[in-house]
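Report on the following structure.
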Amino acid sequence: MPLAAARIIVLVMELYAMLGTLFAICFLPRAATRMDPRLAGAPVTVRLLILPGIVALWPLFARRWLGGVSAPTERTPHRMKAGSR
């Protein structure tokens with residue numbers, strides 16, 4: 001039984017990684033610049049650096065992409081005191 005459970009866990013993780021890789025291939029060229037405009041002028045090496053993070057956290061990025069969310073606004077004490085939100 002433990003070997004069968006381990007195989008299922010590995011299969012699920014492989015599927016998650018494959019879906020994440022497919023998502024990252026679709027997400028990085030188009031949607032990444034819409035979500036964060038600062039990425040538009042960045043070199044390709046920056047996109048390669050963020051690739052593993054997108055593969056690992058693809059459900060969060062997919063939710064933000066489908067929801068049409070842009071770059072998040074910082075909420076630091078300094079900005080709140082200054083009144084710019």
Are there any helices (runs of 4 or more DSSP H) wholly within the chain with 3 or more residues that are surrounded by fewer than 10 Cβ atoms within 10 Å (Cβ to Cβ), and if so which?
2-35, 77-82
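Collect the residues in the stretch 22-39 that are in contact (Cβ under 8 Å) with a residue 24 or more places away in the chain and within 11 Å of the chain's Cα centre (by Cα), keeping them in residue-number order. Can you show your working first?
Going through the stretch 22-39, the residues in contact (Cβ under 8 Å) with a residue 24 or more places away in the chain turn out to be 23-24, 27-28, 31, 34-38.
Correct list: Phe23, Ala24, Phe27, Leu28, Ala31, Met35.
Any read-out appearing in this document is the output of simple, stated calculations on the displayed coordinates, not a laboratory observation. Just so it is clear, the model here is predicted, and its values are computed rather than measured. Virtual Cβ from ideal backbone geometry, glycine too; neighbours counted across all protein chains shown.
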